[in-house]
Amino acid sequence: MTLITSSVQYVKDRANEKRKREKRVRVYSAYLEYKRQELQALLEKQRLAMEFHFPTFERMKYLTSQISDRIWERTLESEDFLQFRLGTGTVPSSYSITLNTNDMANREMDDLIEQSQKLEKVYKESSDTPVVANLANGPIGLIGKERVVKREIHQIMGQLAFFHSYHDLR
């Protein structure tokens, strides 16, 4: 009798454990998808903000022809005074991602934990985002073919002239 009771209990326990595991996978996968969408929205928001504050040279030429109110928008008090766009690249994200790593060293690594770590790795940097340099931090140097360096200097000067008053740049 005890053998039958313990066997039945064992089967029930295994079924309950399987249901709990399936529920954990379902709930955590939905949570990860929600967080992925949230992080993607933050990434796009950062990229759009950087594109707005540091537009391409072609966009600045268009804004100049339209006599945009963005001309000379940066002043000596502006946080982005003397900052300019170098191009696009991979930059650290403006938001932080923290994984709940309580006792992760003692826990067995499973697929769900690995998925959350992959999510963190993907969204901790923003690719194809404007890379910015700040002349207020000191001088910069450009190395390369003379033709390319001259073109870059013209673009830097164009950005500085567009966003900063000539009184502030003296």
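The values are calculated or read from the model by the stated rules, or taken from the named source; none is laboratory data. Remember, predicted model here, so these are calculated numbers, not experimental data. Cβ coordinates were reconstructed from backbone atoms using ideal geometry, including for glycine residues, and neighbour counts include every protein chain displayed.
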Does segment 130-140 include one or more residues that are surrounded by fewer than 10 Cβ atoms within 10 Å (Cβ to Cβ), modelled with pLDDT of 90 or more and not small (Gly, Ala, Ser)? yes
Among Ser93, Ser165, which is the only one that is modelled with pLDDT of 90 or more, within 30 Å of Val27 (Cα to Cα) and not charged (D, E, K, R)? Ser93
In segment 123-140, the residues that are in a helix (DSSP H, G or I) and over 23 Å from Met60 (Cβ atoms): Tyr123
Within segment 1-40, residues being among the aliphatic types (A, V, I, L, M) and within 22 Å of Ile113 (Cα to Cα) number 5
Which one of these is part of a helix (DSSP H, G or I), touching a strand residue (DSSP E or B) at 6+ places or on another chain (Cβ under 8 Å) and surrounded by 12 or more Cβ atoms within 10 Å (Cβ to Cβ): Arg59, Arg36, Arg24, Arg47? Arg47
Scan segment 71-78 and tell me whether some residue there is in contact (Cβ under 8 Å) with a residue 24 or more places away in the chain and in contact with a Ser or Thr (Cβ under 6 Å, 6 or more places away or on another chain). yes
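Rundown of residues vs (1) modelled with pLDDT of 95 or more; (2) in contact with a Gly (Cβ under 6 Å, 6 or more places away or on another chain); (3) part of a helix (DSSP H, G or I); (4) on the phi > 0 side of the Ramachandran plot, yes/no style:
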| site | (1), (2), (3), (4) |
| --- | --- |
| Leu112 | no, no, yes, no |
| Ser116 | no, no, yes, no |
| Lys121 | no, no, yes, no |
| Leu142 | no, no, no, no |
| Val149 | yes, no, yes, no |
Mind checking whether some residue in segment 80-102 is out of contact with any Cys (no Cβ under 8 Å at 6 or more places or on another chain), under 30 Å from Pro130 (Cα atoms) and part of a helix (DSSP H, G or I)? no
Consider Leu76 carefully, then state whether it is assigned to a helix (DSSP H, G or I), more than 29 Å from Asp110 (Cα to Cα) and not β-branched (Val, Ile, Thr). no
